[in-house]
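Enquirer: First the structure, which I've put down as structure tokens, then a few questions once you've had a look.
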Amino acid sequence: MNYHIRKAKPTDLQQIHDLIVELAVFEREPKAVEVTVEELKTSGFGDQPDFTCFVAETNDKILGIALVYTRFSTWKGRVLHLEDLIVSESMRGNGIGSALLDQVVKYAHTLKVKRVCWEVLDWNTSAIEFYEAKGADVKRDWDVVHLNEEGIKKYLSKLHSCTS
């Protein structure tokens with residue numbers, strides 16, 4: 001299969017969004033995607049982009065993406081976070097995931113970060129095996145913690161009621 005890896009362009013965003021939705025369906029969260037194509041454009045292609053996205057493409061069709069951003073670790077310093085590595089289900093097994101991860105690691109090296117980090121669902125054994133085969137250390141003793149938009153509002157509501 002012929003494809004190439006490149007940085008995403010604003011004209012790719014609808015296909016990128018479609019892959020994000022496909023991933024949500026795969027991860028059994030079909031209604032979880034709130035981000036819009038317009039938000040992706042504003043956040044990824046403004047004056048100070050919040051993320052960098054690499055795409056695997058053939059004949060103007062996006063087959064997969066890797067979306068990353070920098071963050072700061074109190075233990076390591078500057079690190080690169082891989083938010084999602086998505087390959088369309090119909091295209092898996094063609095080396096696209098490996099090529100995208102290769103690009104992420106090369107990019108991390110150019111940024112001189114101390115670590116690349118990401119999460120993987122504990123039931124996604126094929127992804128875990130893929131990452132471990134690449135040399136990644138899957139931390140099974142850590143839990144991911146989220147405070148969603150509604151949780152933030154409730155937190156602040158409780159905070160304000162305690163200070164009143």
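Enquirer: Only one residue in 6, 78 is out of contact with any Leu (no Cβ under 8 Å at 6 or more places or on another chain), of a type in the set (Lys, Arg) and not in a loop (DSSP other than H, G, I, E, B), so which one is that?
Expert: Result: 6 is the single residue among 6, 78 that is out of contact with any Leu (no Cβ under 8 Å at 6 or more places or on another chain), of a type in the set (Lys, Arg) and not in a loop (DSSP other than H, G, I, E, B).
Enquirer: Which one of these is of a type in the set (Gly, Ala, Ser), at pLDDT 95 or above and within 13 Å of the chain's Cα centre (by Cα): 44, 77?
Expert: 44
Enquirer: When you go through 113, 120 one by one, which is the residue that is in a loop (DSSP other than H, G, I, E, B), touching a Leu at 6+ places or on another chain (Cβ under 6 Å) and hydrophobic (A, V, I, L, M, F, W, C)?
Expert: 113
Enquirer: Return the total of residues in the range 81-94 being assigned to a loop (DSSP other than H, G, I, E, B), surrounded by 14 or more Cβ atoms within 10 Å (Cβ to Cβ) and out of contact with any helix residue (DSSP H, G or I) (no Cβ under 7 Å at 6 or more places or on another chain).
Expert: 2
Enquirer: Can you tell me which residues in the range 37-66 are hydrophobic (A, V, I, L, M, F, W, C), under 15 Å from residue 23 (Cβ atoms) and either in contact (Cβ under 8 Å) with a residue 40 or more places away in the chain or outside any strand (DSSP E or B) (or both)?
Expert: 40, 53, 55, 56, 62, 63, 65 - these are the residues of the range 37-66 that are hydrophobic (A, V, I, L, M, F, W, C), under 15 Å from residue 23 (Cβ atoms) and either in contact (Cβ under 8 Å) with a residue 40 or more places away in the chain or outside any strand (DSSP E or B) (or both).
The values are calculated or read from the model by the stated rules, or taken from the named source; none is laboratory data. Only a predicted model underlies this, so the values are computations on that prediction, with no experimental measurement involved. When we count neighbours, we look across all protein chains shown, and the Cβ atoms used for this are built from the backbone with ideal geometry, even at glycine.
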